[in-house]
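Asks: Structure in structure tokens, see below.
The values are calculated or read from the model by the stated rules, or taken from the named source; none is laboratory data. These numbers come from a predicted model, not from an experiment. Reconstructed Cβ throughout: ideal geometry from the backbone, glycine too, with neighbour counts over all protein chains shown.
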Amino acid sequence: MNAILQTRDLWKAFGGLIVTKNVNLSLAPGARHALIGPNGAGKTTLINQLTGVLRPSSGSVWLDGEEITRIPANERVCRGLSRTFQINTLFPQLTPLEAVTNAICVRERTRLNILKRRFFRVSRRSAVIDEAYALLEQLNLAQDCLVETHTLAYGKQRLLEMALALATKPKVLLLDEPAAGVPEGESDELFEVLNTLPKEISILLIEHDMNLVFNFADRITVLVNGEELVTGTPSEIVEDPRVREVYLGKGH
Amino acid sequence: MSDNLAKASRHVSFLRGRERWKSAEIAFWLTLVGVYFVFPSSLVFASQILITGLFALSLDMILGYAGIVTLGHAAFFGIGAYTAGLMAAHGWHDPFLGLLVAGVTAGIAGYLCSFLLSKGGDLTRLMITLGIGLLLYEVVNSATKYTGGVDGLQGVEIGKLFGVFGFDLYGKTAYIYVLIISFLLFVFTRSMMNSPYGLALRSIRENQTRALAIGIPISACLTNIYSIAAVIAGIAGALLTQTTQFVGIDVLSFQRSADLLLILIIGGTATMYGGFVGAVVFLLAQNWLSNLNPQYWQFFLGILLIVMTLYLRGGILGGFSRLVNLFRHWRNKEHS
Ligand SMILES: Nc1ncnc2c1ncn2[C@@H]1O[C@H](COP(=O)(O)OP(=O)(O)OP(=O)(O)O)[C@@H](O)[C@H]1O
Ligand SMILES: [Mg+2]
């Protein structure tokens, strides 16, 4: 298998509540993979186990052929696994420019000696700042990059979520409902950016809006009650009667 | 060179502007130099204010910048004070050696304590730091044979600086000594807080979940800054010992930790100068009001705290910078 990201028999229970049941997810390099499922299906919990925020009860997680199940969350980021959050998780009192510069400095920290990292001003690293600015520009945040994050409009904050994840230069990007809370029709900006990301970045997308999912994904996994119901191409998913049952509630 | 400057983009100069030494900062340090000439009879008190300011700066590093709350920071101040005192009482009279050993000792203590703090929320941290502070106080209190207990450590003899400048009764040498050490440590701290490392610390304070998600090793960073803050607190404690030639057990008291927290909050957190400004206001007001009537001080402090929390978020410096912004805004309007 040459999957870039993989779970093997992943299992997670909170007390008696099983939220991940034997999930075997596999992301091919360059994938545009969507993870869908009803509220409470366990999508976010799955992401949290992939990124190391939560420890699975059993099973393993593999990134680019190496097992990362026991590797700390920050180390997984350095290895190229990055994410956005369903609920804005930003640095309210930092400006977007500082926040993204911070992420790039963290990524590049091994290239600087400790003296420079500790005692040289951030502004001396103009290459990093320029890179941060370029990334913010790419995400239509150039106009707002010098004001504190908490003053930004909600939609802009969603874009900053993406900018921070991209600043780590991920191999695999996990997007937890990037358009959550953005009014219908205003998520175009976000998805335009998503569609321009290079194929070197493999993407796992959680999203409820089916139109967005079908436009974006080349593969879809449906998760129900923590269990993988089915994985397939968009057309296979549309045709699948079990999926229709879950989504349209056509019982019995 | 000027070509380079001209080319520096708006966003780079924005960050550069924030990190530059402002004229108000230079004025601040020059004023402290001026105190030496203007108030020659109050230099002992002035030294104590400076030492408290330096101590508050060390709290600012962990509370203001890294967001770690603590009620036991006096532990490290006390460790530094006793280390310097015990050394001087047992034949090592050189002040610089005293500072160095005190700083290292406090730093090691801080490093060890930091592992208790790297996990857990604010409440856990408050309780643990409080516990460490109380514990240490009691240990020093019981070890009467070595520390003098409640009577304090006697026989602290400090040698001359560079073998030349002795500590005089008026505190002239002491003030210059404290001022220079404080300034050096301030420059050290300032450059650290403006570095990529300082930015990472601030981001941990702002949001740990996100800081972790961009790859910051949070526990390592916190352990690290906690140890450095302990070093500076220890040096501040040693300065107090050396300039007063005595160690009282109150260097370890809960009151000291609590007052320090008030000083920093009154002055303003994460401003670099909040600790110094807070120390000036707090100690001057305390001195003046307790001279009028000891009860006035507690009363005034109570009112100040309530007003501060309700109306002056960000302390004196926070309020001041808002005033400056208002003034700029108003002037811009006038011009256009
Ligand atoms: N820390 C926790 N402790 C106990 N139960 C939890 C915890 N985290 C999540 N759960 C439960 O696990 C289940 C899955 O939650 P999760 O957030 O993963 O769902 P989701 O698929 O992301 O849903 P949504 O579409 O609403 O975001 C829910 O029933 C939730 O209540
Ligand atoms: Mg979710």
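Asks: Go over the candidates A:Val106, A:Val100 one by one and state the one that is more than 8 Å from chain B (Cβ to nearest Cβ), part of a helix (DSSP H, G or I) and within 19 Å of B:Ala66 (Cα to Cα).
Replies: Numbers: A:Val106 fails: more than 8 Å from chain B (Cβ to nearest Cβ).
None of the others qualify; the one that does is A:Val100.
Asks: Further question: Please work out if A:Thr20 is closer than 22 Å to A:Leu164 by Cβ, more than 14 Å from chain B (Cβ to nearest Cβ), within 16 Å of ligand 2 (Cβ to nearest atom) and of a type in the set (S, T, N, Q). Please lay out each step first, then the result.
Replies: On the way: closer than 22 Å to A:Leu164 by Cβ: no; more than 14 Å from chain B (Cβ to nearest Cβ): yes; within 16 Å of ligand 2 (Cβ to nearest atom): yes; of a type in the set (S, T, N, Q): yes.
No, not satisfied.
Asks: Please go through the range A:109-127 and pick out each residue that is within 28 Å of A:Leu159 (Cβ to Cβ) and more than 9 Å from chain B (Cβ to nearest Cβ).
Replies: Here is the first cut: in the range A:109-127, the residues within 28 Å of A:Leu159 (Cβ to Cβ) are A:109, A:111, A:121-127.
If the condition is that a residue be within 28 Å of A:Leu159 (Cβ to Cβ) and more than 9 Å from chain B (Cβ to nearest Cβ), then A:Arg111, A:Ala127 are the ones that fit.
Asks: Which is buried (at least 19 other Cβ atoms within 10 Å of the Cβ), out of contact with any Lys or Arg (no Cβ under 6 Å at 6 or more places or on another chain) and modelled with pLDDT under 95, of B:Ile158, B:Ile235? First the steps, then the outcome.
Replies: On the way: B:Ile235 fails: modelled with pLDDT under 95.
The conditions single out B:Ile158.
Asks: Under 6 Å between Cβ atoms, at least 6 apart or on separate chains: pull out the pairs that start in the range A:203-219 with a residue that is in contact (Cβ under 8 Å) with a residue 12 or more places away in the chain and of a type outside the set (Phe, Trp, Tyr) and end on any residue that is within 14 Å of ligand 1 (Cβ to nearest atom) and assigned to a helix (DSSP H, G or I).
Replies: Close Cβ pairs satisfying both conditions: A:Ile206/A:Lys43; A:Glu207/A:Val213.
Asks: Kindly establish whether A:Gly232 is touching a Ser or Thr at 6+ places or on another chain (Cβ under 6 Å) and closer than 24 Å to A:Leu50 by Cβ. Reasoning before the result, please.
Replies: Numbers: touching a Ser or Thr at 6+ places or on another chain (Cβ under 6 Å): no; closer than 24 Å to A:Leu50 by Cβ: yes.
Judged against the criteria, A:Gly232 is not a match.
Asks: Same structure, new question: Restrict the check to the range B:312-323 and report whether at least one residue is buried (at least 18 other Cβ atoms within 10 Å of the Cβ) and touching a residue at least 60 places away in the same chain (Cβ under 8 Å).
Replies: So far as the range B:312-323 goes, no, none of its residues is buried (at least 18 other Cβ atoms within 10 Å of the Cβ) and touching a residue at least 60 places away in the same chain (Cβ under 8 Å).
Asks: Looking at the range A:156-178, can you tell me whether even one residue there is crowded, with 19+ Cβ neighbours inside 10 Å and closer than 17 Å to A:Pro38 by Cβ?
Replies: So far as the range A:156-178 goes, yes, one or more of its residues are crowded, with 19+ Cβ neighbours inside 10 Å and closer than 17 Å to A:Pro38 by Cβ.
Asks: Next question. Test of understanding: among A:Arg70, A:Arg55, A:Arg32, which residue is more than 16 Å from ligand 1 (Cβ to nearest atom) and without any contact (Cβ under 8 Å) to a residue 40 or more places away in the chain?
Replies: Working: A:Arg55 fails: more than 16 Å from ligand 1 (Cβ to nearest atom); A:Arg32 fails: without any contact (Cβ under 8 Å) to a residue 40 or more places away in the chain.
Selected residue: A:Arg70, the only one of A:Arg70, A:Arg55, A:Arg32 that is more than 16 Å from ligand 1 (Cβ to nearest atom) and without any contact (Cβ under 8 Å) to a residue 40 or more places away in the chain.
Asks: Can you find a residue that is away from chain B (no Cβ under 14 Å), away from ligand 2 (no atom under 13 Å from the Cβ) and within 14 Å of the chain's Cα centre (by Cα) anywhere in the range A:205-216?
Replies: Initial filter on the range A:205-216 (away from chain B (no Cβ under 14 Å)): A:205-216.
Cutting the leftovers down to away from ligand 2 (no atom under 13 Å from the Cβ) gives us A:209-216.
Restricting the remaining residues to those that are within 14 Å of the chain's Cα centre (by Cα) gives none.
Taking every residue of the range A:205-216 in turn, none turns out to be away from chain B (no Cβ under 14 Å), away from ligand 2 (no atom under 13 Å from the Cβ) and within 14 Å of the chain's Cα centre (by Cα).
For every residue, the table says whether it meets (1) of a type in the set (Gly, Ala, Ser); (2) in a helix (DSSP H, G or I); (3) in contact with a Lys or Arg (Cβ under 7 Å, 6 or more places away or on another chain).
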| position | (1), (2), (3) |
| --- | --- |
| B:His11 | no, yes, no |
| B:Leu15 | no, yes, no |
| B:Arg18 | no, yes, no |
| B:Trp21 | no, no, no |
| B:Ala27 | yes, yes, no |
| B:Gly34 | yes, yes, no |
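Asks: Right, next: Name the single residue that is farthest from B:Pro217 (Cα to Cα) among those in the range A:134-160 being facing another protein chain (nearest Cβ under 9 Å) and modelled with pLDDT of 95 or more.
Replies: A:Leu136
Asks: A follow-up question, please. What residue, among those in the range A:91-112 that are closer than 21 Å to B:Ala270 by Cα and surrounded by fewer than 21 Cβ atoms within 10 Å (Cβ to Cβ), is nearest to the chain's Cα centre (by Cα)?
Replies: Taking the candidates together, the pick is A:Pro92.
Asks: Of the conditions (1) within 14 Å of ligand 1 (Cβ to nearest atom); (2) at the interface with chain B (Cβ under 8 Å from one of its Cβ atoms); (3) in contact (Cβ under 8 Å) with a residue 24 or more places away in the chain, A:Leu90 fails just one. Which one is it?
Replies: Here A:Leu90 meets the rest and fails (1).
Asks: Would you tally the residues in the range A:135-170 being touching a Lys or Arg at 6+ places or on another chain (Cβ under 8 Å), assigned to a loop (DSSP other than H, G, I, E, B) and within 24 Å of A:Leu46 (Cβ to Cβ)?
Replies: Total satisfying the criteria: 2.
Asks: Step by step: first the residues of the range A:35-46, then only those that are more than 8 Å from ligand 2 (Cβ to nearest atom) and surrounded by 21 or more Cβ atoms within 10 Å (Cβ to Cβ), then the one that is nearest to the other protein chains (Cβ to nearest Cβ). Which residue is that?
Replies: Per the criteria, the residue is A:Leu46.
Asks: What single numbered condition from (1) in contact with a helix residue (DSSP H, G or I) (Cβ under 8 Å, 6 or more places away or on another chain); (2) part of a helix (DSSP H, G or I) fails to hold for A:Arg242?
Replies: Of the numbered conditions (1) in contact with a helix residue (DSSP H, G or I) (Cβ under 8 Å, 6 or more places away or on another chain); (2) part of a helix (DSSP H, G or I), the odd one out for A:Arg242 is (1).
Asks: For the range A:196-216, give me each residue that is in a strand (DSSP E or B) and out of contact with any Gly (no Cβ under 6 Å at 6 or more places or on another chain).
Replies: Initially, the range A:196-216 is screened for residues in a strand (DSSP E or B), giving A:202-206.
The answer is A:Ile203, A:Leu204, A:Leu205, A:Ile206.
Asks: Condition (residue is of a type in the set (Asp, Glu) and modelled with pLDDT of 95 or more) applied to the range B:145-154: is it met by at least one residue? Walk me through it before giving the result.
Replies: If we filter the range B:145-154 for residues that are of a type in the set (Asp, Glu), which is where we start, we get B:151.
In the following step, the residues that additionally are modelled with pLDDT of 95 or more were identified as none.
No.
Asks: If you don't mind, there's one more thing I want to ask. Among A:Val77, A:Val53, which is within 14 Å of ligand 2 (Cβ to nearest atom), among the β-branched types (Val, Ile, Thr), within 18 Å of the chain's Cα centre (by Cα) and within 14 Å of chain B (Cβ to nearest Cβ)? Even if it seems obvious, please write down each step before you answer.
Replies: On the way: A:Val77 fails: within 14 Å of ligand 2 (Cβ to nearest atom).
A:Val53 is the lone residue from the list that is within 14 Å of ligand 2 (Cβ to nearest atom), among the β-branched types (Val, Ile, Thr), within 18 Å of the chain's Cα centre (by Cα) and within 14 Å of chain B (Cβ to nearest Cβ).
Asks: Applying the selection to the range A:1-25, what residues are within 12 Å of ligand 1 (Cβ to nearest atom), surrounded by fewer than 16 Cβ atoms within 10 Å (Cβ to Cβ) and of a type outside the set (Phe, Trp, Tyr)?
Replies: Selection gives A:Ala13, A:Gly15, A:Gly16, A:Leu17.
Asks: Tally up the residues in the range B:80-98 that are within 15 Å of the chain's Cα centre (by Cα) and either surrounded by fewer than 23 Cβ atoms within 10 Å (Cβ to Cβ) or aliphatic (A, V, I, L, M) (or both), please. Reasoning before the result, please.
Replies: Restricting attention to the range B:80-98, the residues satisfying the condition of being within 15 Å of the chain's Cα centre (by Cα) are B:80-81.
Subsequent filtering for residues that are either surrounded by fewer than 23 Cβ atoms within 10 Å (Cβ to Cβ) or aliphatic (A, V, I, L, M) (or both) retains B:81.
Matching residues across the range B:80-98 total 1.
Asks: Would the range A:188-201 turn up any residue that is more than 16 Å from ligand 2 (Cβ to nearest atom), within 14 Å of chain B (Cβ to nearest Cβ) and in contact (Cβ under 8 Å) with a residue 40 or more places away in the chain?
Replies: First pass over the range A:188-201, keeping only residues more than 16 Å from ligand 2 (Cβ to nearest atom): A:188-201.
Adding the requirement that they be within 14 Å of chain B (Cβ to nearest Cβ) leaves none.
Within the range A:188-201, not a single residue is more than 16 Å from ligand 2 (Cβ to nearest atom), within 14 Å of chain B (Cβ to nearest Cβ) and in contact (Cβ under 8 Å) with a residue 40 or more places away in the chain.
Asks: All but one of (1) within 16 Å of ligand 1 (Cβ to nearest atom); (2) part of a loop (DSSP other than H, G, I, E, B); (3) touching a strand residue (DSSP E or B) at 6+ places or on another chain (Cβ under 9 Å) hold for A:Leu50; which doesn't?
Replies: (2)
Asks: Going by the conditions given, is A:Gly65 away from chain B (no Cβ under 14 Å) and either under 21 Å from A:Glu227 (Cα atoms) or within 16 Å of ligand 1 (Cβ to nearest atom) (or both)?
Replies: Details: away from chain B (no Cβ under 14 Å): yes; either under 21 Å from A:Glu227 (Cα atoms) or within 16 Å of ligand 1 (Cβ to nearest atom) (or both): no.
Taking the combined requirement at face value, the residue does not satisfy it.
Asks: A further question follows. Name the residue, out of A:Val230, A:Val172, that is away from chain B (no Cβ under 14 Å) and either within 16 Å of ligand 1 (Cβ to nearest atom) or of a type in the set (Val, Ile, Thr) (or both). First the steps, then the outcome.
Replies: On the way: A:Val172 fails: away from chain B (no Cβ under 14 Å).
After ruling out the rest, the residue left standing is A:Val230.
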